Amino acid sequence: MGNVVYAEPTGVMALVRLRPGAGGERDRVCHLVPIPETGPIPEVLVARCGAPIRCGSAELLERICGMPCEACLARAARDRRLAC
């Protein structure tokens, strides 16, 4: 594998997007965010695409609303394919 590092995805994922006013409308896409299984939730979570999400600047979604983050979806699909 060389020096490529593959992170293990956690079992708990959340759908989040920036709250209105926390970013431009173009930035308000639905991200997939891994949530730590134990311990406190960090102040800044990192979406599957690498985008930092501050806890106070995001809203938790029950389902995908609006435009999904294509990079988060592609990363999740790639990781799922590697796990099989």
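The values are calculated or read from the model by the stated rules, or taken from the named source; none is laboratory data. These numbers come from a predicted model, not from an experiment. Glycine also receives a Cβ, built like all others from the backbone with ideal geometry; neighbour counts cover every protein chain displayed. Just so you know, the surface numbers come from the protein's heavy atoms only, side chains and all, with ligands and any DNA or RNA stripped out. Shrake-Rupley method; radii C 1.70, N 1.55, O 1.52, S 1.80 Å.
Taking the condition small (Gly, Ala, Ser), modelled with pLDDT of 90 or more and touching a helix residue (DSSP H, G or I) at 6+ places or on another chain (Cβ under 7 Å), does ALA22 pass? Judged against the criteria, ALA22 is not a match.
Taking residues in segment 26-38 that are free of Cβ contacts under 8 Å to residues at least 12 places away in the same chain, and partners anywhere that are surrounded by 11 or more Cβ atoms within 10 Å (Cβ to Cβ), the pairs with Cβ atoms closer than 8 Å and at least 6 places apart or on different chains are ASP27/LEU18. Within segment 16-52, the residues that satisfy the criterion of being farther than 21 Å from ALA77 by Cα, among the aliphatic types (A, V, I, L, M) and open to solvent by less than 80 Å² (accessible area, probe 1.4 Å) are LEU18, ALA22, VAL44. The set of residues in segment 32-44 that are more than 8 Å from the chain's Cα centre (by Cα) and not polar (S, T, N, Q) comprises ILE35, PRO36, GLU37, GLY39, PRO40, ILE41, PRO42, GLU43, VAL44.
Here ILE64 meets the list (1) more than 16 Å from MET13 (Cβ to Cβ); (2) touching a residue at least 12 places away in the same chain (Cβ under 8 Å) almost entirely, failing just condition (1).
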